[in-house]
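J.: Before we start, here is the structure in question, set down as structure tokens.
The values are calculated or read from the model by the stated rules, or taken from the named source; none is laboratory data. What you see is a predicted model; the values in this text were computed from it and never measured. Glycine also receives a Cβ, built like all others from the backbone with ideal geometry; neighbour counts cover every protein chain displayed.
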Amino acid sequence: MKTIEELKKQGYKLSNFYKEQDSDKVYWIASDHIGEHMFSFDKKIIYNLFADYPNNLTEEQVEIFDKENPYWANFFGSKK
């Protein structure tokens, strides 16, 4: 979990916050780093799917993420 500023200092070029559905609360972030899946709830704190989910999210964030992203919830089922 890092801020946008921290990631930019590390050379990330982040752009295009987008949602899968208009009603979603999770923003996905387009990154120039291949294989990284990053997301945010507030466009300030950025989470790396493989490094931060679910341990660095609050219970409420995990619930929201799982509801909006059942594929990833199922993929990481054994990680919870």
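J.: If a residue has to be at pLDDT below 80 and either under 11 Å from the mean Cα position of the chain (by Cα) or not in a strand (DSSP E or B) (or both) to count, how many in region 9-29 make the cut?
T.: 3
J.: Would you pick out the residues in region 1-10 that are touching a residue at least 12 places away in the same chain (Cβ under 8 Å) and either loosely packed, with under 10 Cβ neighbours inside 10 Å or not basic (Lys, Arg) (or both)?
T.: MET1, THR3, ILE4, LEU7
J.: Let me ask another. Do any residues in region 49-69 that are touching a residue at least 40 places away in the same chain (Cβ under 8 Å) and closer than 15 Å to SER23 by Cα have Cβ atoms under 9 Å from those of residues that are hydrophobic (A, V, I, L, M, F, W, C) and part of a loop (DSSP other than H, G, I, E, B), where the two are at least six apart or on different chains, and which pairs are they?
T.: Pairs that qualify, where the first residue is touching a residue at least 40 places away in the same chain (Cβ under 8 Å) and closer than 15 Å to SER23 by Cα and the partner is hydrophobic (A, V, I, L, M, F, W, C) and part of a loop (DSSP other than H, G, I, E, B), are GLU68/VAL26; ASN69/VAL26.
J.: Tell me which residues, restricted to region 40-61, are hydrophobic (A, V, I, L, M, F, W, C), assigned to a helix (DSSP H, G or I) and under 14 Å from TYR27 (Cα atoms).
T.: Selection gives LEU49 alone.
J.: Restricting to region 62-80, count the residues that are assigned to a helix (DSSP H, G or I) and exposed (fewer than 12 other Cβ atoms within 10 Å of the Cβ).
T.: Counting residues in region 62-80 that are assigned to a helix (DSSP H, G or I) and exposed (fewer than 12 other Cβ atoms within 10 Å of the Cβ) gives 6.
J.: Can LYS13 be described as among the charged types (D, E, K, R), touching a helix residue (DSSP H, G or I) at 6+ places or on another chain (Cβ under 8 Å) and surrounded by fewer than 16 Cβ atoms within 10 Å (Cβ to Cβ)?
T.: no
J.: Can I ask one more? Mind checking which residues of region 16-39 are surrounded by 15 or more Cβ atoms within 10 Å (Cβ to Cβ) and of a type in the set (S, T, N, Q)?
T.: Once the filter is applied, which keeps residues that are surrounded by 15 or more Cβ atoms within 10 Å (Cβ to Cβ) and of a type in the set (S, T, N, Q), region 16-39 yields only SER31.
J.: Could I ask something else about it? Restricting attention to region 30-39, report how many residues are assigned to a loop (DSSP other than H, G, I, E, B) and touching a residue at least 12 places away in the same chain (Cβ under 8 Å).
T.: Final tally of qualifying residues: 4.
J.: Can you tell me which of (1) under 11 Å from the mean Cα position of the chain (by Cα); (2) on the phi < 0 side of the Ramachandran plot; (3) modelled with pLDDT under 95 is the one LYS43 doesn't meet?
T.: The failed condition is (2).
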